[in-house]
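All remarks here apply to the structure that follows.
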Amino acid sequence: MSCTLCKHGETQAGFVTVTLQRGGTTIILKTVPAEVCDNCGEYYLASDVTARVMDRAEAAVKNGAEVEIVKFAA
């Protein structure tokens with residue numbers, strides 16, 4: 001698909017690192033599958049991947065984590 005941000009690149013399947021912050025919690029998820037723009041690097045997550053990322057982030061907040069770094073499990 002065409003990148004909606006830069007309007008010049010095309011996206012390709014790849015992996016990204018997603019960093020989320022909420023309150024005092026920072027969670028970093030590595031090797032998250034995404035469509036990545038070959039021009040600007042913007043990434044797009046599928047809805048099921050987004051749901052899993054958000055579930056993991058909510059669990060970290062609920063557990064009181066300050067910083068959590070995890071490898072995303074496919």
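List of remarks:
- The set of residues in the stretch 1-15 being open to solvent by 70 Å² or more (accessible area, probe 1.4 Å) and under 16 Å from the mean Cα position of the chain (by Cα) consists of Q12, A13, F15.
- Qualifying positions in the stretch 16-25 - in contact (Cβ under 8 Å) with a residue 24 or more places away in the chain and either within 15 Å of M54 (Cα to Cα) or surrounded by 11 or more Cβ atoms within 10 Å (Cβ to Cβ) (or both): V16, V18, L20, R22, G23, T25
- Members of the stretch 26-72 found to be among the hydrophobic types (A, V, I, L, M, F, W, C), part of a strand (DSSP E or B), touching a Ser or Thr at 6+ places or on another chain (Cβ under 8 Å) and surrounded by 12 or more Cβ atoms within 10 Å (Cβ to Cβ), listed by number: I27, I28, L29, V32, V36, C37
The values are calculated or read from the model by the stated rules, or taken from the named source; none is laboratory data. Small disclaimer: the values here were computed from a predicted structure and weren't measured. Virtual Cβ from ideal backbone geometry, glycine too; neighbours counted across all protein chains shown. Protein only, heavy atoms only, side chains kept; ligands, DNA and RNA dropped before computing areas. Shrake-Rupley method; radii C 1.70, N 1.55, O 1.52, S 1.80 Å.
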